[in-house]
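The next block holds one structure in the form of structure tokens; read it before the comments.
The values are calculated or read from the model by the stated rules, or taken from the named source; none is laboratory data. Note that the coordinates shown come from a computational prediction; the quantities given were computed from them, not determined experimentally. As a convention, Cβ positions derive from the backbone with ideal geometry for all residues, glycine included, and neighbour counts pool all protein chains shown.
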């Protein structure tokens, strides 16, 4: 196939690809090195240390735990609200259903600042809500729900689920029974992908969270912004390193699921 | 008819969306129309050159970053699509996609490491010429940041579209003696158009609303998200912040909508 493309084409493509990879990965490597170096202004020759990571943990461990709690709660709400909605959107393909789906994705398209302002104006005066972590969870749910719905729906369409569901209904199973025993198990790959996406997005969410947070409800990205503005380069880098380490298992999981999915559909095609 | 019983299953999502997004957004739009000094905030926004400049800056910068992103991603996506197996491919693709999930604040910090006062670019230029080159804390840095978070997303979309390309068309053109450039311009580019438009619109919309990167790089970069934030926190001018948010939201949504319909009609045209 590559014979169809000239040598210059291939060489240019490879060169640009490598340059882009260097641009994307270079700063990450710099950041990791800076977080582990005794004195970044002197360079790596000053020696490696975990001192900055320990300092970050002392100062910001609260933000790490809060981010995890927010992410897990967001995931729970997205599962409870998003998966059933995905099934309804799979069954109904009318104009109204499509409009609903379009509407649901608006919080992703519209800048997070606008969503956060709207939330503060209309719900900020509710006693206790403004100062609670729940306020951040609400913002995160709005932002991540479309990803869960889209991902779950991808696993539900085309699997003949509607027919299975009809059959079970004829046999007298209730809606909830059918949903839990037919729809959810069959949509598991999509739900899993959606779940990991929700966790990843929630842990990194800043645009909404910066306006929604209070001094007592700081999440990890909020703490990151704080450390970038006020801490030494080494501390900010070490904190970034902690964040990357949290993100890594989720990304590996997503990559693995994508590979699994490709193999499954590939096998399906050849069979 | 039996299906009707399922509708209730969409109720939680619909209720959440209605209560926490649609109604608050309506209230935000109304707040922008509430009178300040005898005019609505929308009038104030429309009649103040400062806000216009901010909007134009945002649009120009987002557009420029989008175009450069597409220009860079086109050869990368094609290269990856046409070479599906070579040693190290998985690692390379992993490296290219890894930064996709970085939030804007982190991207801002990485740009500072790259082009800030202690950044590698500055150190290299100083070593080379003795002068200093620092551009992280202005439009240049923001442009680089936009590129940073647009590239991974766009590469994936273009690669996927290039994989779908019918190789026999290019083979046929080859046999008919079309030059490499003609094959690219007449066959590949039209086939990739919907993907380019879609990815471009996504990149533009993300750039328009990106706040974390600007926030990290500096408060004196004059783009709309920063202006909204300043109105809200420094001047507590909520009606103006609301009006500007609505303008930003509408502009972003309009671009996505137009791109969606253009790309959609193109797909239908190709099918017919």
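A few points about this structure:
- Counted residues, the range B:40-75 - those being in a helix (DSSP H, G or I) and closer than 11 Å to residue B:240 by Cβ: 7
This table checks each residue for (1) at pLDDT 85 or above; (2) within 7 Å of chain A (Cβ to nearest Cβ); (3) surrounded by 13 or more Cβ atoms within 10 Å (Cβ to Cβ).
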position: B:3; (1), (2), (3): no, yes, yes
position: B:6; (1), (2), (3): yes, yes, yes
position: B:10; (1), (2), (3): yes, yes, yes
position: B:15; (1), (2), (3): yes, no, no
position: B:29; (1), (2), (3): yes, no, yes
position: B:33; (1), (2), (3): no, no, yes
position: B:36; (1), (2), (3): no, no, yes
position: B:49; (1), (2), (3): yes, no, no
position: B:52; (1), (2), (3): yes, no, no
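- The residue of the range B:109-132 that is surrounded by the fewest Cβ atoms within 10 Å (Cβ to Cβ), among those that are more than 16 Å from residue A:43 (Cβ to Cβ) and at the interface with chain A (Cβ under 7 Å from one of its Cβ atoms), is B:114.
- Among (1) surrounded by fewer than 24 Cβ atoms within 10 Å (Cβ to Cβ); (2) touching a residue at least 24 places away in the same chain (Cβ under 8 Å); (3) closer than 19 Å to residue B:103 by Cβ - the single one residue A:216 does not satisfy: (3)
- Listing of helices (runs of 4 or more DSSP H) fully contained in the range A:170-271 that carry 1 or more residues being over 22 Å from the mean Cα position of the chain (by Cα): A:175-178, A:220-230, A:233-270
- Residue check, residue B:238 surrounded by fewer than 24 Cβ atoms within 10 Å (Cβ to Cβ) and either without any contact (Cβ under 8 Å) to a residue 12 or more places away in the chain or away from every other protein chain (no Cβ under 11 Å) (or both): no
- Residue check, residue B:172 more than 21 Å from residue B:255 (Cα to Cα) and touching a helix residue (DSSP H, G or I) at 6+ places or on another chain (Cβ under 7 Å): no
- Of the residues making up the range A:11-31, those that are under 23 Å from residue B:187 (Cα atoms) and surrounded by fewer than 16 Cβ atoms within 10 Å (Cβ to Cβ) are A:11, A:12.
- Among the residues of the range A:73-96, just one is loosely packed, with under 15 Cβ neighbours inside 10 Å and under 14 Å from the mean Cα position of the chain (by Cα), namely A:76.
- For the range B:62-82, the criterion of being at the interface with chain A (Cβ under 10 Å from one of its Cβ atoms) and at pLDDT below 90 is met by at least one residue.
- Selection status of residue B:249, modelled with pLDDT under 90 and crowded, with 21+ Cβ neighbours inside 10 Å: yes
- Options B:30, B:16: the member that is more than 30 Å from residue A:150 (Cβ to Cβ) and not in a loop (DSSP other than H, G, I, E, B): B:30
- Matching residues, the range A:13-63, being touching a strand residue (DSSP E or B) at 6+ places or on another chain (Cβ under 8 Å) and within 20 Å of residue A:228 (Cβ to Cβ): A:36, A:37
- Unique residue being within 9 Å of chain B (Cβ to nearest Cβ), modelled with pLDDT of 90 or more and surrounded by fewer than 22 Cβ atoms within 10 Å (Cβ to Cβ) when the list is A:201, A:192: A:201
- Residue B:178 vs. criteria facing chain A (nearest Cβ under 9 Å), at pLDDT below 85 and within 16 Å of residue A:5 (Cα to Cα): no
- The helices (runs of 4 or more DSSP H) located wholly in the range A:1-113 that include 2 or more residues which are at pLDDT 90 or above, farther than 30 Å from residue B:120 by Cα and more than 13 Å from chain B (Cβ to nearest Cβ) occupy A:51-91.
- Among the residues of the range B:45-91, those that are touching a helix residue (DSSP H, G or I) at 6+ places or on another chain (Cβ under 9 Å) and under 12 Å from residue B:155 (Cα atoms) comprise B:69, B:70, B:72, B:73, B:74, B:75, B:76, B:77, B:78, B:79, B:80, B:81.
- Among residues of the range A:114-137 being within 8 Å of chain B (Cβ to nearest Cβ) and surrounded by fewer than 24 Cβ atoms within 10 Å (Cβ to Cβ), the one that is farthest from residue B:27 (Cα to Cα) is A:123.
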